[in-house]
Amino acid sequence: MIRRFETDALNTVRDLVRWGASRFREAGLHYGHGTDNALDEAYFLTLWALHLPMDLPAIYLESTVTSAERSAVIKLLRSRIATRKPAAYLIGEIEFAGMPFFVDDRVLVPRSPIGELIRRDFEPWLQGAPERILDLCTGSGCIGIACASQYPQSEVDLADISSGALAVARKNIKRHGLEQRVRAVRSDVYDGLGDATYDLIVTNPPYVGTAEWKGLPEEYRHEPRIALEAGSDGMDIVERILTGAPERLRPGGLLICEVGDSVEEFDARWPRLPVTWIEFEHGGDGVFLISREDLVASL
Ligand SMILES: C[S@@+](CC[C@H](N)C(=O)[O-])C[C@H]1O[C@@H](n2cnc3c(N)ncnc32)[C@H](O)[C@@H]1O
């Protein structure tokens, strides 16, 4: 039999995953939006295009695909290479803290380790369930919506300066049926929240320095610049979050904030702030917490 295209030789799910991983490596793609290597990225996209669950029993990897299925998978894998868009933008969805979220290029692709913290009830730092929660710099709304799902009695504000991000967050509020308890608010840090106060402020703000942002791989350039870059050392928004937090937190309240790889920059600005750096089981770092009382005493 004469094969017309090299891809005609790909018969099984496994063949497609292997081919995709080879092409991804050949093209020098960058990972970091849900997976961290070519094989996992190819596996994820292949199974998604075939409408199969990610925990597919291995025996089905040997299944033969139809020619229509093969074309659909190859089209998706090729578009990952041609566009350099993160996989989540190509399929319009990502899982965060065990929940599905709609995403597009108006929001950062959710990947904060804070998801793990939410699922473990912020243990051991949070005493009891918080009633009023603020997800500051909410993007897709993933952090605040996951908090609302974890604490069914809570009321949650999702705040962002970007109206595009808020449109996505509203879609996700609706998707999870949380319109009664979760609201999306346009706000420049705290300026837009009226006089609301909170038991818990959780935030994954922009924290990348300008020079670092300019050197990021192409995949990150598809994410809104305003979601990543925050001044020369990346700490411009973090500074506003810290200084305004005492007024927004109720007595005994907690601020939890991600600064990712910018821990050095954070320490340089606030060398004596008594923050606790959180350890994660499933990877990630650069997330600190501080109580209202410690903030008031130290700022
Ligand atoms: C790193 S993204 C985080 C998105 C989401 N929380 C997550 O973890 O996926 C930061 C978000 O902060 C928003 N942002 C940037 N500057 C802001 C400001 N001055 N006030 C409020 N939100 C801001 C951006 O629009 C973006 O959605």
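The values are calculated or read from the model by the stated rules, or taken from the named source; none is laboratory data. Every value quoted in this text rests on a predicted model; they were computed, and no experiment measured them. Cβ atoms come from the backbone with ideal geometry, glycine included; neighbour counts cover every protein chain shown.
Select from the range 264-289 the residues that are closer than 22 Å to residue 209 by Cβ, in contact with a Ser or Thr (Cβ under 9 Å, 6 or more places away or on another chain) and outside any loop (DSSP other than H, G, I, E, B) and list them in ascending order.
287, 288
For residue 228, state whether it is surrounded by 16 or more Cβ atoms within 10 Å (Cβ to Cβ) and either under 27 Å from residue 103 (Cα atoms) or within 24 Å of the chain's Cα centre (by Cα) (or both).
yes
Going by the conditions given, is residue 194 surrounded by fewer than 23 Cβ atoms within 10 Å (Cβ to Cβ), within 19 Å of residue 97 (Cβ to Cβ) and without any contact (Cβ under 8 Å) to a residue 24 or more places away in the chain? It would help to see each step written out before you state the result.
Details: surrounded by fewer than 23 Cβ atoms within 10 Å (Cβ to Cβ): yes; within 19 Å of residue 97 (Cβ to Cβ): no; without any contact (Cβ under 8 Å) to a residue 24 or more places away in the chain: yes.
It is false that residue 194 is surrounded by fewer than 23 Cβ atoms within 10 Å (Cβ to Cβ), within 19 Å of residue 97 (Cβ to Cβ) and without any contact (Cβ under 8 Å) to a residue 24 or more places away in the chain.
Among the residues of the range 99-123 satisfying the criterion of being within 15 Å of the ligand (Cβ to nearest atom), assigned to a loop (DSSP other than H, G, I, E, B) and not charged (D, E, K, R), which is surrounded by the most Cβ atoms within 10 Å (Cβ to Cβ)?
It comes out as 107.
Here is a check on your reading of the model: is residue 248 more than 11 Å from the ligand (Cβ to nearest atom) and among the charged types (D, E, K, R)?
Answer is yes for this residue.
Give me the residue from the range 137-172 that is in a loop (DSSP other than H, G, I, E, B) and more than 9 Å from the ligand (Cβ to nearest atom) and, out of that set, farthest from residue 115 (Cα to Cα).
Here the answer is 153.
In the range 9-19, which residues are free of Cβ contacts under 8 Å to residues at least 60 places away in the same chain and either outside any loop (DSSP other than H, G, I, E, B) or surrounded by 15 or more Cβ atoms within 10 Å (Cβ to Cβ) (or both)?
9, 12, 13, 14, 15, 17, 18, 19
Scan 167, 87 and give me the residue that is assigned by TED's automatic domain parsing to the domain that holds residue 40 and under 18 Å from the mean Cα position of the chain (by Cα).
Step by step, each of 167, 87 is checked, and only 87 is assigned by TED's automatic domain parsing to the domain that holds residue 40 and under 18 Å from the mean Cα position of the chain (by Cα).
Starting from the range 223-248, take each residue that is part of a loop (DSSP other than H, G, I, E, B) and list its partners that are within 9 Å of the ligand (Cβ to nearest atom) and basic (Lys, Arg), counting only C-beta distances under 7 angstrom and pairs at least six apart or across chains.
Pairs found: 224/106.
Please pick out the residue among 126, 134, 77 that is surrounded by 14 or more Cβ atoms within 10 Å (Cβ to Cβ), assigned to a helix (DSSP H, G or I) and either more than 16 Å from the ligand (Cβ to nearest atom) or assigned by TED's automatic domain parsing to the domain that holds residue 191 (or both).
None of the other options fit; the residue is 77.
Within the bounds of the range 193-215, is there any residue that is touching a Lys or Arg at 6+ places or on another chain (Cβ under 6 Å), within 14 Å of the ligand (Cβ to nearest atom) and either within 26 Å of residue 122 (Cα to Cα) or modelled with pLDDT of 95 or more (or both)?
No, the range 193-215 has no match at all.
What's the number of the condition residue 184 fails, among (1) away from the ligand (no atom under 13 Å from the Cβ); (2) touching a strand residue (DSSP E or B) at 6+ places or on another chain (Cβ under 8 Å); (3) closer than 24 Å to residue 289 by Cα?
(1)
Counting only residues that are on the phi > 0 side of the Ramachandran plot and modelled with pLDDT of 95 or more, how many does the range 268-299 have?
Summing the residues that are on the phi > 0 side of the Ramachandran plot and modelled with pLDDT of 95 or more in the range 268-299 gives 1.
Determine, yes or no, whether residue 178 is under 18 Å from the mean Cα position of the chain (by Cα) and in the same structural domain as residue 128 (by TED's automatic domain parsing).
no
Note down all Cβ pairs under 6 Å where the first residue falls in the range 109-123 and is over 27 Å from residue 221 (Cβ atoms), the second is at pLDDT 95 or above and assigned to a loop (DSSP other than H, G, I, E, B), and they're at least six residues apart or on different chains.
Correct list of pairs: 118/97; 119/97.
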